[in-house]
Every structure is written in structure tokens, then in C-alpha cells.
């Protein structure tokens, strides 16, 4: 089962619309990790599961989300409320008592996927304003593929092309 994880469009509605239209009906769920700078009432959020980012002004976005289906248990946050720009330590403390497989955040604009404390942490990077080592890609998002024994994380560029060197596999 596949899941879309995207974050930090900062008002770039067209790329968000393009990606949602491309994946709608092809993934189990679509997670938006904040900083859209849109209203919660925007029709894009009829499809996306959003959380609030530090640049979002609409208080109708939730601070975080616990998501569960028969394939996945996931915790979602933007990251600013747990200071992921400093480290993942506070986020690790928040999710330590939670029965989740995956923790997803945004905020730093830097992509990453790593197993910490038995949980897979994923930051899809920013689709519009990337930072860090992979900023040259001009924006990224992630597809999480869940299998009974394995998680696969593939990062994609703005033009919806997989980045060959940015595919990761983790044991569950």
C-alpha cells in the first residue's frame, strides 16, 4: 500500500494540485505536513490530510494527527511545535509512548528517512523551497510503500520523477 507525503509548498498551489491529481486514486492516503499558506477550507484539503505549519494562519488545521488503517499507524506533524529545526529529540519524546510505525514531519525543508527507536521518521523535504544537500532537485516529496515486513521510501522531484539515489528500504 502506498502513501503520499508532501510538505512546505508555501503558496505554490499549482504544484500541490498537480501532485494531488496525479496520485488521487493511486495511493491509500495523502499527508500534507504544513506550510501551505492556504485556508483549511481549500478544496485541496478534501483529499489531503493536513496539519498546521508555522506559516499557516488558519486555526482550523490540526496541530498534529494520529492516523491508522489496516496497513499503517502514523503520527503526523509539521515540526515547528516540537522544534525539529534544532533536532528530532523533542519529536522522539512525543512519539515514544505512541503505538505508531511511522512519524512524518516537514518544517526543515530537508528530506530524510531514518529508523529511530523502532519508528520510521520521514521528512519529504519541501516541494517548493528545498534546503540542504538535495536543494538542487528544486523540490521533493515522498511515497511510502508499506509491505508486511518492509517500508520503502522513494523521493520524487517536482516533475514527479523518482530520484534513483533517494530510495530507502527499512525492516518493520
inquiry  = Run the helix sum for the chain: -39,500 (n - 2.57) per DSSP H stretch of 4+ residues, divided by residue count, reported at 222 nm to the nearest 500 deg cm²/dmol.
reply    = -3000 deg cm²/dmol
Efficiency of FRET from Cβ geometry, residue 18 and residue 57, R₀ 25 Å, rounded to 0.05 = 0.55
note = Over all pairs of different Cα atoms in the chain, the reciprocal of the mean inverse distance gives a Kirkwood radius in Å of 15.7 Å
request  = For a quick protection proxy, order the peptides 59-67, 75-83, 36-44 by their average other-Cβ count within 10 Å, most packed first.
outcome  = 75-83, 36-44, 59-67
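Here, each number is a calculation from the coordinates, and none is a lab measurement. Predicted model only: the values in this text are computed from it and were never measured. Don't worry about glycine lacking a Cβ; one is built from the backbone with ideal geometry, like all the others, and counts go over all protein chains shown.
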